[in-house]
1. Where the only charges are on Cβ atoms (+1 Lys, Arg; -1 Asp, Glu), what is the dipole of the chain about its Cα centre, to the nearest 20 debye?
2. Cα axis of helix 153-178 to longest principal axis of the chain: angle in degrees, 0 to 90, nearest 10?
3. Any chance you could tell me what percent of the C-alpha pair distances in segment 91-156 go past 20 Å?
4. For segment 31-152, what does the convex hull of the Cα positions come to per residue, in cubic angstrom?
5. Roughly speaking, what is the stretch gain from F125 to R44, that is 0.36 nm per residue apart minus the C-alpha to C-alpha distance, in nm to one decimal?
6. Among the trypsin sites (Lys or Arg not before Pro) in segment 92-201, which ones are in a DSSP loop with at most 15 other Cβ atoms within 10 Å of the Cβ? Mind listing them?
7. Can you pull the Kirkwood radius for the chain, inverse mean 1/r over Cα pairs, to one decimal in Å?
8. To the nearest 20 debye, what charge dipole does segment 1-128 have about its Cα centre, counting +1 at the Cβ of each Lys and Arg and -1 at the Cβ of each Asp and Glu?
Amino acid sequence: RTLAPFAFLAPFLIPFVLFTLVPVGYAFWQSLHRTERTGGTFGRTETVFAGFQQYADVVSEPFFADSLLRVALFALVQIPVMLALALALALLLDSAVARLKRFFRLVYFVPYGIPGVVAALMWAFLYDPRLSPVVDLLRSVNVDVDLLGPDAILWSIGNVVTWTYTGYNMLIMYAALQAVPSDLGEAARVDGAGPWAIALRIKVPVIRPAIVLTGVFSLIGTFQLFTEPQVFRAISTSVTSTYTPNLAAYSLAAGDRYSEAAALSVLLAVATFVLSFLFLRLTARRQG
């Protein structure tokens, strides 16, 4: 009886410990140490304890605050837009007048099934002023915009992320809508409520936990933003090697600054956890 619960939990606990806790623990250990060379240029290297010096060095870097503020602005704009689109599509598919529901569920979900690198490359083609039919169309109506320029590149990346993950979030919300008792809608219709009132005053409040869940997923994904900026970095000078915190950590590691990269990764993980926790507390308080 004592070991039975652990036997059932083992398929989850073993991979979680090996592939989550151990790497995080090693990253934290590495962030507290640095490699020093002794005996001159050709001397040997040794790992010494540095305490929290790596964290102080990372925080004092100019890119640290810039990259955090950039993803914070990205989250404030992109996440509400994406979740609003996902909710609208879910409500549309759940409506009584919707047709071909299975077909459109697949159509909306297809972008999520496309690898992130492929999606970013495809949109990069659509943004490139030398190749893009979209830019040519905008120019034909006297709208001259550089979608890869410094003023628009963040929102160009946001468009790629929105296009990719709207269908995924829609599917979560649509699954929650399927669990809403039909009696609630029928009772509301008897009382004279129209489709909009039923959707906004009955369905949306009932699936609030699913909306909060997608919000947490989106917040975590925003602070992990890496693939799209990395692809756009190859075609636009507006994206630097420290454009997002995740990209900055990768660039530090690529420059053999592993301890600072580990410190930045730990700081990013802590920031993501704190913001997700605060978001959950805030939404739970409003719901209560």
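1. For this selection, approximately 900 debye.
2. 50
3. 50
4. Expressed per residue, the convex hull around the Cα atoms of segment 31-152 is 251 Å³.
5. Gain in length upon complete extension: 24.4 nm.
6. R99, R130
7. Kirkwood radius, the chain: 22.4 Å.
8. It works out to roughly 640 debye.
The values are calculated or read from the model by the stated rules, or taken from the named source; none is laboratory data. None of these values were measured; they are calculated from a predicted model. We place every Cβ from the backbone using ideal geometry, glycine too, and count neighbours over all the protein chains shown. Quick note on the areas: whole protein, heavy atoms, side chains included, nothing else; ligands and nucleic acids left out. Shrake-Rupley method; radii C 1.70, N 1.55, O 1.52, S 1.80 Å.
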